[in-house]
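The values are calculated or read from the model by the stated rules, or taken from the named source; none is laboratory data. What you are looking at is a predicted structure, and each value in this text was computed from that prediction instead of being measured. Quick reminder, even Gly has a Cβ in these numbers, built from the backbone with ideal geometry, and neighbours come from all protein chains shown. Ligands, DNA and RNA are stripped out before the accessible areas are found, and what is left, the full protein with its side chains, is counted by its heavy atoms. Shrake-Rupley method; radii C 1.70, N 1.55, O 1.52, S 1.80 Å.
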Amino acid sequence: MNFRKFLMPLPLATLALAAPVHAGDTVALQVGYGPGGSFDIMARLFADHLGKHLDGNPTVIVENVPGAGSLKLAKMIADKGTADGSQIGTISGALGLTPVFEPENPGFDPANVRYIASASRESSYCITPKSSGISSLAEFVKSNGKAGATGKTSSTYTYAAAIKSALGGSYDIVTGFDGGNEIDLAMERGDIQVRCGISLTVVGQADMLERYVILGEIGTVSKGPITDEPFILDLVTDPTERAALELVFSSTQMHHPYIVSKETPEETVAALRKAFSDTVADPAFVADAKTRGVIVELTDGAEVEARIEALRNSDPAIVQRAREMVQ
């Protein structure tokens, strides 16, 4: 696989699709959120090890491209991403469900990119600062509080919205944050009270459990409580409601996905998928992930694409209810 200098102007990038690409020394790993959150942490871990598993051993740099819950980056790669493997993006797993949630005006269609891998299948959580005075999910659901989200296509929004709908909540959801760190700062200031969609990787960082209360576990299969928080799916007994909520939560099974342009040649896609697989098997990567407290459970991109296709073809009644939940 050949690599060229990152961010070639678009006209030249277009020409590069039809002509041999000269080997370069840089691959850009772009993060659809601001610095400091779980996507940034995961990307920087991969950036430190991925290059030695790619032809030519390129340097891998991380660039933050926040906006609209990673929709900005997703559309950038779908519309005009480079196709030689030198631009890889990591975006919200919830964007894979965009055709389910917004079939008339999706904004982003996962069929318009190629998925290389997803880096985790861990549960997500709703948390609140201990200073908020909120001690349980049930208490927050019935409050007039606020949950923070990066954008309406992000899991920070879809999870909070679906929980509100399924459990009859009265809280508001505030969007527009660049990333998890901004949401956390807003919680610390008391501007909002809750963040849903935080990963175990972040919950396990530093003094998180000393400062925050875990309100509930989000996922399709419980990983087991960290403290005594409920598994949120178990709070819903109606079969249709539960199935719809499970559909919304299914993005936890393709969390931290990595994408490239749809125009990327099949052999380049295969090489990138192998490079990610080889990276997570690298003892140096495994040791580094452990040191940083990052949990990695890789899913190959072909499986991610198949899962997205299956989800968008779910029972129409369940799809309709899931769509209503995240509006």
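Key figures for this structure:
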item: Alpha carbon convex hull of the range 171-238, volume per residue in cubic angstrom; result: 121 Å³
item: Stokes-Einstein D in µm²/s, Kirkwood radius over Cα pairs - the range 200-261 at 25 °C with 0.890 mPa s viscosity; result: 183 µm²/s
item: Using alpha-carbon coordinates, inclination of helix 180-189 to the longest axis of the chain, degrees; result: 30 degrees
item: Probe 1.4 Å - accessible area at Arg114, Å² to nearest ten; result: 40 Å²
item: Entries of Lys52/Lys274; Lys52/Lys262; Lys130/Lys152; Lys152/Lys290; Lys75/Lys146 with Cα pairs more than 21 Å apart; result: Lys52/Lys262; Lys130/Lys152; Lys152/Lys290; Lys75/Lys146
item: Accessible surface, the range 109-151, averaged per residue in Å² (probe 1.4 Å); result: 31 Å²
item: Max mean-square fluctuation residue, GNM over the chain, Cα-Cα springs under 10 Å, options Ala281, Ala302, Ala161; result: Ala281
item: Listed residues Met76, Met254 arranged by accessible area, highest first, probe 1.4 Å; result: Met76, Met254
item: Antiparallel DSSP beta bridges within the chain, as percent of all bridges there, nearest 5; result: 55 percent
item: Helix-only mean residue ellipticity at 222 nm for the chain, each DSSP H run of n ≥ 4 adding -39500 (n - 2.57), per residue, nearest 500; result: -11000 deg cm²/dmol
item: Carbon plus sulfur fraction of accessible area for the chain, probe 1.4 Å, in percent; result: 53 percent
item: Residue among Asn64, Asn144, Asn181 with the largest mean-square fluctuation in a Gaussian network model of the chain, springs linking Cα atoms under 10 Å; result: Asn144
item: Distance between modelled label sites at Glu309 and Glu63, nm, 7 Å Cα→Cβ extension; result: 3.1 nm
item: Helix axis angle, 283-292 relative to the chain longest principal axis, alpha carbon, degrees; result: 40 degrees
item: Accessible area (Å², 1.4 Å probe, nearest 10) - Asp282; result: 20 Å²
item: Descending principal axes extents, the range 34-180, alpha-carbon based, whole Å; result: 56, 38, 24
item: Environment charge at Leu29 (Cβ cut-off 12 Å; Lys +1, Arg +1, Asp -1, Glu -1); result: -2
item: Net +/- balance of residues flanking Val194 in space, Cβ distance below 12 Å, scoring K and R +1, D and E -1; result: -1
item: Cβ charges +1 (Lys, Arg) and -1 (Asp, Glu), total dipole of the range 209-317, debye; result: 240 debye
item: Cα pair count fraction exceeding 28 Å, expressed as % - the range 170-327; result: 36 percent
item: Dipole of the chain, positive end: most advanced residue of Met254, Gly179, Thr156 [Cβ charges, Cα centre]; result: Gly179
item: Square roots of 5 times each gyration tensor eigenvalue, C-alpha, the range 135-193, largest first, Å; result: 18, 14, 8
item: The chain: angle of helix 71-80 to the longest principal axis, Cα-based, in degrees nearest 10; result: 30 degrees
item: The chain: Cα Rg divided by the 2.2 N^0.38 Å rule of thumb; result: 0.98
